[in-house]
Amino acid sequence: MSLLSVSGITKSFGGVTANKGISIEVGEGELVGIIGPNGAGKSTLFECISGFYTPDAGEVKLDGKRITGLAPDVVCRAGIARTFQKLRPFQGMTVLENVMVGALTRTKDVKHAREVAREWLSRVGLDEKVDTFARTLSTGQRKRLELARALATEPRVLLLDEVTGGVDQRTIPGLVQLVRDLHGRGVTLLVIEHNMRVITAVAQRIVALYLGEVIADGAPQEVARDRRVVEAYLGQAYVQ
């Protein structure tokens, strides 16, 4: 049985169908990449999985239990956490307090939540920023903060929306290694990423979306050579 099962997800906004019958299976411990051009439906899919949108059709199951239509906080407590393409830290709170918000989904003990937050901040390389206000962090540091906050909820599945997006080239290797480390610890990951060289380096499988539909699902190098993916997204220059 797949840990995360997405079956026939369809979501429309007015006359535009963002997701059209998308089905994806993610096994426990897998790292699956999601690629596709802007408007392919990647972030909408994450919204449907994490409870921010209710799909018009289809269902999402976590470990065999239907979670379709549940509120985001309920989905989070069920075991699915996410980061966002547009970073959303609590600007007026410290780095430590931001991560404690995540930890408090699992405990009412503030002291324990503080300990959990410190542990995750250390793991993502922000242990020296615990008392810093979130608004002062760089983009790369905010990416790490979002990771720590999501991980503090103890997710069984972590959805990462463009973890390397918007950061300078010098920051990317550290973020990639962080994703690898998380996967090595057994975290199940579903990762949206525009940088093909990054996602082919870390993903075990890649799912390609185009106009709201799955056009390829397989090993990274196979998907990168798929004619439909090349025509819809990568272009011939990538494979030459």
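Here are the numbers:
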read-out: Computed log₁₀ I(q)/I(0) - Debye formula, equal Cα scatterers, no solvent, segment 166-240, q 0.13, 0.20, 0.27 Å⁻¹; value: -0.43, -0.93, -1.28
read-out: Calculated P(r) of segment 6-46 - Cα pairs past 16 Å, %; value: 40
read-out: Per-q log10 I(q)/I(0), segment 130-189, q = 0.12, 0.18, 0.27 Å⁻¹ (Debye; single scatterer per alpha-carbon; no solvent); value: -0.29, -0.66, -1.25
read-out: Residue order, fewest to most surrounding Cβ atoms within 10 angstrom, among F13, F133; value: F13, F133
read-out: Over the chain, relative contact order from alpha-carbon pairs under 8 Å, at least 6 apart, %; value: 25
read-out: Total lysine pairs whose alpha carbons fall under 28 Å of each other in the chain (8 or more apart, or interchain); value: 25
read-out: Volume in Å³ per residue [convex hull over Cα atoms, computed for segment 88-154]; value: 69
read-out: Ranked T164, T10, criterion: other C-beta atoms within 10 Å, fewest first; value: T10, T164
read-out: Fewest-first sequence of H183, H112 by Cβ atoms within 10 Å of each Cβ; value: H112, H183
read-out: Antiparallel content of DSSP bridges confined to the chain, in %, to 5; value: 55
read-out: Choice from G184, G165, G102 showing the highest fluctuation, given a GNM over the chain with Cα pairs closer than 10 Å; value: G184
read-out: Hull volume in cubic angstrom per residue (convex hull over the Cα atoms of the chain); value: 124
read-out: In order through segment 24-36: 3J(HN,Hα) via Karplus (6.51 cos²θ - 1.76 cosθ + 1.60), integer Hz, x for Gly, Pro; value: 9, 10, 10, x, 4, x, 7, 10, 10, x, 10, 10, x
read-out: Dipole magnitude of the chain about its Cα centre (Cβ charges: Lys, Arg +1; Asp, Glu -1), debye to nearest 20; value: 320
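None of the figures in this text is laboratory data; all of them are computed from the coordinates on show. Because the structure is a prediction, the values reported are computed rather than measured. So basically every Cβ, Gly included, is an ideal-geometry build from the backbone, and we count neighbours across all protein chains shown.
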